[in-house]
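For reference, the structure is listed below as structure tokens.
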Amino acid sequence: MKIVIQIVLWVVIGVLGYFVYQSVYGPVEFNKIRDKRYIDVVEKMKDIRDLQLAHRNIEGNYEDNFDDLLKFVDTAQFVITQRRDTTFLDEEYRKIYGVDKYKEDVVIDTLSFASVKDSIFGSSDRYKDIMYIPHTDKKKFEMDAGYIEENGNKIPVFEVKAPKDVILADQDKDLLVQEKQIKSVDGVDGAYIQVGSMKQVNTNGNWPKNFGDN
């Protein structure tokens, strides 16, 4: 009986030790994994935002479909222009008054073209899987685009979201619940990492600088 009691006590000690370890080091490990994954997600979101801004620059709107956004990367080009001031003789004024008068104007010259792909990604092909959330089994970002009305004008907007439930799906569920409720200047508030908005004109992300430039 003495041996049995000792074995039971060692088991109890082991179980208690495990729970103590989990309560102390579990959150530490969770935060390390969270931070690494958030940084990777933010980097990809910044690429998506760059593409969306290029799309609006060239096409006049944002895109709500990743397949069409990829086609845009492969085919679209920026126009490289030069703006210069010039003056010219106002012939009409000269005919009427017999006096030379020069008018000022701005001339925009087209210099060349540059592909969107090369401008944003250089020689990298990372854009080919831009729709997938890092550290997941090819789960896609939620992306939407459209217009909102402001002062009687329709203004293009877009929004890209990655649920924390998806980014941290394999982590401790209790810590994940706490993470979704976080309110902190050093954390990502709410249940999503997000860039852009469908409710207001905004191309910023909801992450702090410790996860990437905004």
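Before moving on, here are some points about what is shown:
- Candidate cross-link partners of K95 among the lysines, defined by an alpha-carbon separation under 17 Å and a same-chain spacing of 8 or more, comprise K103.
- Calculated FRET efficiency, E104 to D50, Cβ-Cβ distance, R0 = 41 Å: about 0.70 to the nearest 0.05.
- Under-5 Å amide H pairs with I182, H placed in peptide plane, nonlocal only: G190
- Remark on I148: its backbone amide H falls under 5 Å from those of I155, V157, a criterion applied only to residues 5 or more positions apart or on other chains, H modelled at 1.01 Å from N.
- Summing charges over neighbours of N210, with a neighbour being any other residue whose Cβ is under 11 Å away from its Cβ, gives -2 when K and R count +1 and D and E count -1.
- Computed accessible area, D144, all protein chains, 1.4 angstrom probe, square angstrom: 70 Å²
- Values of log10 I(q)/I(0) for the chain across q = 0.11, 0.17 Å⁻¹ run -0.71, -1.19, by the Debye formula with one identical scatterer at each alpha carbon and no solvent.
- Note on region 111-214: percent of Cα-Cα distances in each 10 Å bin, starting at 0 and stopping at the bin with the largest distance, equals 13, 32, 35, 17, 3, 0.
- Accessible-area ranking of E59, E104, E43, largest first, probe 1.4 Å: E104, E59, E43
- For S119, S184, the ranking by accessible surface with the largest value first comes to S119, S184, using a 1.4 Å probe.
- Solvent exposure of V107, expressed as accessible area, is near 40 Å², computed with a probe of 1.4 Å over the protein chains only.
- Solvent exposure of region 42-165 amounts to 64 Å² per residue of accessible area, where only protein heavy atoms count and the probe is 1.4 Å.
- Sparse packing (at most 14 other Cβ atoms within 10 Å of the Cβ) combined with a DSSP loop state is found for the following trypsin sites (Lys or Arg not before Pro) in region 45-133: K101.
- Environment charge at L89 (Cβ cut-off 14 Å; Lys +1, Arg +1, Asp -1, Glu -1): -2
- Taking the accessible area of the chain, probe 1.4 Å, and keeping the other protein chains in place, the carbon and sulfur fraction comes to 50%.
- Gain on full stretching of the segment that runs from S124 to T87 - 0.36 nm per residue minus C-alpha separation: 8.9 nm
- Taking 29 Å as the straight-line reach from the Cα of K154, the lysines in range (excluding those fewer than 8 positions away in the same chain) are K44, K46, K71, K117, K140, K199.
- Restricting the calculation to Cα atoms, every distinct pair contributes to the Kirkwood radius of region 87-138, found to be 16.5 Å.
- With DNA, RNA and ligands ignored, accessible area of D47 (1.4 Å probe; Å², nearest 10): 20 Å²
- Probe 1.4 Å, all protein chains present, accessible-area order of K32, K183, largest first: K183, K32
The values are calculated or read from the model by the stated rules, or taken from the named source; none is laboratory data. Here the structure is a predicted model, which means the values were calculated and not measured. Heads up, the Cβs are rebuilt from the backbone with ideal geometry, glycines too, and the neighbour counts pull from every protein chain shown. Side chains included, ligands, DNA and RNA excluded: accessible areas come from the protein's heavy atoms. Shrake-Rupley method; radii C 1.70, N 1.55, O 1.52, S 1.80 Å.
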